[in-house]
1. What is the residue count in region B:210-257 for residues that are touching a residue at least 40 places away in the same chain (Cβ under 8 Å), open to solvent by 70 Å² or more (accessible area, probe 1.4 Å) and of a type in the set (A, V, I, L, M, F, W, C)?
2. State whether one or more residues within region B:55-65 are in contact with a helix residue (DSSP H, G or I) (Cβ under 8 Å, 6 or more places away or on another chain) and more than 25 Å from residue B:160 (Cβ to Cβ).
3. So which residues in region A:200-216 are open to solvent by 10 Å² or more (accessible area, probe 1.4 Å) and either in contact (Cβ under 8 Å) with a residue 60 or more places away in the chain or of a type in the set (S, T, N, Q) (or both)?
4. Only residues that are of a type in the set (Val, Ile, Thr) and surrounded by 15 or more Cβ atoms within 10 Å (Cβ to Cβ): list them for region B:157-186, please.
5. Condition check: closer than 30 Å to residue B:131 by Cα and in contact (Cβ under 8 Å) with a residue 60 or more places away in the chain. Does residue B:189 satisfy that?
6. Can you tell me which residue is most open to solvent (accessible area, probe 1.4 Å) among those in region A:143-154 that are more than 23 Å from residue A:202 (Cα to Cα) and not in a helix (DSSP H, G or I)?
7. Here is a check on your reading of the model: is residue A:91 of a type in the set (Val, Ile, Thr) and open to solvent by 10 Å² or more (accessible area, probe 1.4 Å)?
8. How about region B:35-140: which helices (runs of 4 or more DSSP H) wholly inside it have at least 1 residues that are more than 14 Å from chain A (Cβ to nearest Cβ)?
Amino acid sequence: MQSDKTIQAAIELTGVEKTFGRQKVLANINLSIAAGKTTIIVGGSGQGKSVILKHMLGLVRPDRGMVEVFGKDLVRASKKELNQIRMEFGVLFQNAALFDSMTVYDNVALPLRERTKLTETEIRAKVREKLDMMDLIESDDKYPAQLSGGMKKRVGLARALVLNPKVVFFDEPTTGLDVSRSNEIYRLFHKTQSQLNYTAVIVSHDVPKIFKLADYVALLAEGEIQGVMSPEAFQLSDHPLIRRYVEETMGPIYSSAKEEAGLYESA
Amino acid sequence: MGLSKPFEKLGDSCLSFLEQSGRMGIFLFSCLLNLIKPPYPLFPVIRQAHFIGVRSVFVILFTGAFTGMVLGLQGYYTLSKFGSEGLLGSAVALSLIRELGPVLTALMVVGRAGSAICAEIGIMRNSEQIDALECMAIDPYKYLLAPKFLAGIVAVPLLTCIFDVIGILGGYLVGVVLLDVNGGTFFQGMYASVEWQDIEMGIVKSLVFGLLIIWIAAAKGFFLHLEKSGGFGAEGVSRTTTDAVVLSSVSVLVWDYLISAIML
């Protein structure tokens, strides 16, 4: 099962188009998210990265095209089917989107209370396990407004993971955090993914650091996905838009294979 | 080109009006549908009913008492011109039960609970909390909105009843205790003139108002992001809440007339 499934696509977008008002945000998106892997979507601000994420979650319907999750078309799915698919999802929102009138504990417990038939004792065990994983066990009776930005994200992550989802979406997981806080998020991401084996889709600005986590990097520019490839291949790509993006964010890349190719041949 | 501009604008506003009406209609339908669909979690409804109902009781007692008292005062003044102070009881009771009770209660609930519901849901929409609910496969209609509707439909008629009773007592206080109208006549006139029809009208009105208030407040907050004037940030929430309060108050008065006209 492992070897088959890992190559399969968990999510597949085909020819997705979306226009808001008069502005065409997504022109023709073709993207396949490999199951069990981490795919990072990068691109300039306002290119519609979050919009792609919202399509995958079924929050936004495409004007044209298909969004398939585990082989099911979200556009044609009924509300019930959509909710069934979403049971497999965990989402960490950009600003964590915690329920601000509930405590940390209740925030994390909510999916369990609403979506499962577990007893309050079982829920307690699961919530504490996740809070423990995020080093939040002492803050469980605090309200979101009493937490720092990094803690909010960790609560958001605990809530996203509490149903042991198959796919976890991260919308700008480290935006607004300082270096050590974002390293902490990355560490927790790494830890939880190796424990829970979920497929991860990350939208991020944090280039090149985010590349360390990635199995695949996809660049969104001009309303299209310009290519999905490994971080190494991405940084060395000849594709003009990818090359420009890499140089803008990381400076010119020195690659012995490219720059010294002539050298070795002549020698 | 220049000529077609006004027509474009007209068409644009017609379309957006239709779109908004359709959205509101579908919203109400989904909320009511989720009210009927099992499961029926009791606790959220009780919590909302506590917020909309119990915590409005003090305001309702206060406004009810003073409304009844001023009715007693003004009624006495008017009726004494015709020498028919004996009708004070029925005048106070009828105007309270048929009109003032439901309308003033509804307006108080708009101010207290309607604004709070709109702001609460608006902020949840603004900070992606509603998106988060949907992503957890928790239906916001079922989880967030249906309990508020049920609570509103239950609480507003009950508050109206309290308003009526306290109002009649206030009228009694002014008419009988202060202005020396005969107490027996006050109540006898009331018994004789108030019929089941009058009570029915009051109840129907308050039921409709309860639904109307929650509908407008919840829908305005829920669709904050689709507001044409831009529903962003704190200002968006405050503007939308104001809109919701004004719209609900006006709707209450308009529907008050319509229901009176239909039921008379």
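The values are calculated or read from the model by the stated rules, or taken from the named source; none is laboratory data. Worth saying up front: this structure is predicted, and the values here are computed from it rather than measured. Glycine gets a Cβ as well: all are built from the backbone with ideal geometry, and neighbour counts include every protein chain shown. Areas reflect the complete protein model, heavy atoms only, side chains present, ligands, DNA and RNA absent. Shrake-Rupley method; radii C 1.70, N 1.55, O 1.52, S 1.80 Å.
1. Total meeting the criteria: 4.
2. No, region B:55-65 contains no residue that is in contact with a helix residue (DSSP H, G or I) (Cβ under 8 Å, 6 or more places away or on another chain) and more than 25 Å from residue B:160 (Cβ to Cβ).
3. A:205, A:207, A:211, A:213, A:214, A:215, A:216 - these are the residues of region A:200-216 that are open to solvent by 10 Å² or more (accessible area, probe 1.4 Å) and either in contact (Cβ under 8 Å) with a residue 60 or more places away in the chain or of a type in the set (S, T, N, Q) (or both).
4. Residues of region B:157-186 that are of a type in the set (Val, Ile, Thr), as a first pass: B:160, B:162, B:165-166, B:168, B:174, B:176-177, B:181, B:185.
Those that are of a type in the set (Val, Ile, Thr) and surrounded by 15 or more Cβ atoms within 10 Å (Cβ to Cβ): B:160, B:162, B:165, B:166, B:168, B:174, B:176, B:181, B:185.
5. no
6. By that ranking, first place goes to A:143.
7. Working: of a type in the set (Val, Ile, Thr): yes; open to solvent by 10 Å² or more (accessible area, probe 1.4 Å): yes.
Taking the combined requirement at face value, the residue satisfies it.
8. Because the criterion is at least 1 residues that are more than 14 Å from chain A (Cβ to nearest Cβ), the helices (runs of 4 or more DSSP H) in region B:35-140 that meet it are B:42-52, B:57-81, B:88-95, B:101-109, B:115-126.
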